[in-house]
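Please read the structure below before turning to the comments.
The values are calculated or read from the model by the stated rules, or taken from the named source; none is laboratory data. The shown structure was predicted, so the numbers you read here are calculated from the model rather than taken from an experiment. Every residue, glycine among them, receives a Cβ derived from its backbone with ideal geometry; neighbour counts consider all protein chains shown.
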Amino acid sequence: MVDNFRIQGERWDSWAPFYDEDVKNQDVSTCVSALADLAGGGTALELGVGNGRIALPLAAKGIPVIGIDASGEMLRQLKGRAQGLPVVGHCADMANFDLGRQFSLVYTVASSFFLLPTQEMQVACFASAARHLADGGTFVIEAAMPLSSGLAGPREQMIVREISEDHLKFSAFLHDPVAQTVKAQEVRFGGPPQEWRMLPNTMRYVFPAELDLMARLVGLKPAYRVADWSGSRLKAASTHQVSAYTRQAQ
């Protein structure tokens, strides 16, 4: 079996020094406000917490956050940035984890769920999340819509991200529609200081109907699905989805 936990830890350890630069233009305020409302004053659990891009502003709103991640380096950054906020990180596998407690909200954002590269691991993540949901709690997944986002695009594609006089940044993708996987490689040349780096990743995308089936397999039921954290209606052209699940009635 693929040791995804170790592989992801190594990949995101190497990515950690550059992560803030990659996400610096992303506004998380709407996401954080929506998650705070869903937590309802309880404690939240973030799967794939990273260096706290979502967890820290959520904690600043008064919501205690426990986060798990595969990357020790990301968690080190998180700890250094907490500055007294109620945020605690644990190095754990988001497919199989046991924190010995339950939460009013379990969530994962930015297609982090897709970093589990097999259906088996993704179902295991749903099962772990379900075990950690308190009565009335919600499990929320934010992820790309595979087709309209371009994730499940042509079998091979290359996208230029940045270009200037002194640097070039591009991403290459190899799509396997049978396995529903996309192997990606981000490459950067040049820039001040001169540098060269490669940041690999592998994702298994999931369509909404498959997410719902995974939920039902572990005793959860769909609560709602929208296109973004503002609650916009999901349409065929929507590039992202926010899917929420609660416990099925016994």
Worksheet entry | Unique match (being without any contact (Cβ under 8 Å) to a residue 12 or more places away in the chain, of a type outside the set (A, V, I, L, M) and within 18 Å of Gly48 (Cα to Cα)) among Gly84, Gly80, Gly72 | Gly80
Discussion item. Outside any strand (DSSP E or B), on the phi < 0 side of the Ramachandran plot and assigned by TED's automatic domain parsing to the domain that holds Gly40: is that true of Ala127 in this structure?
Written reply: yes
Discussion item. Going through Gly42, Gly100, Gly62 one at a time, which residue ends up being assigned by TED's automatic domain parsing to the domain that holds Glu142, surrounded by fewer than 23 Cβ atoms within 10 Å (Cβ to Cβ), at pLDDT 95 or above and over 24 Å from Arg247 (Cβ atoms)?
Written reply: Gly62
Fill in: Subset of segment 35-49 (residues that are out of contact with any helix residue (DSSP H, G or I) (no Cβ under 8 Å at 6 or more places or on another chain) and of a type in the set (Asp, Glu))
Asp37
Discussion item. What's the number of the only condition in (1) surrounded by 16 or more Cβ atoms within 10 Å (Cβ to Cβ); (2) in contact with a Cys (Cβ under 8 Å, 6 or more places away or on another chain); (3) of a type outside the set (Phe, Trp, Tyr) that Glu73 fails to meet?
Written reply: (2)
Practice prompt. Report, by residue number, each residue of segment 119-133 that is closer than 14 Å to Leu211 by Cβ, buried (at least 20 other Cβ atoms within 10 Å of the Cβ) and polar (S, T, N, Q).
Written response: Gln122
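Restricted to segment 130-152, and to residues that are part of a loop (DSSP other than H, G, I, E, B) and in contact with a Phe, Trp or Tyr (Cβ under 7 Å, 6 or more places away or on another chain), which residue is farthest from Ala184 (Cα to Cα)?
His132
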Worksheet item: Would a scan of segment 48-68 turn up a residue that is at negative phi and touching a residue at least 60 places away in the same chain (Cβ under 8 Å)?
Response: no
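Could you list all residues from segment 87-114 that are aliphatic (A, V, I, L, M), touching a helix residue (DSSP H, G or I) at 6+ places or on another chain (Cβ under 6 Å) and touching a residue at least 60 places away in the same chain (Cβ under 8 Å)?
Of everything in segment 87-114, those that are aliphatic (A, V, I, L, M), touching a helix residue (DSSP H, G or I) at 6+ places or on another chain (Cβ under 6 Å) and touching a residue at least 60 places away in the same chain (Cβ under 8 Å) turn out to be Ala95, Leu105, Val106.
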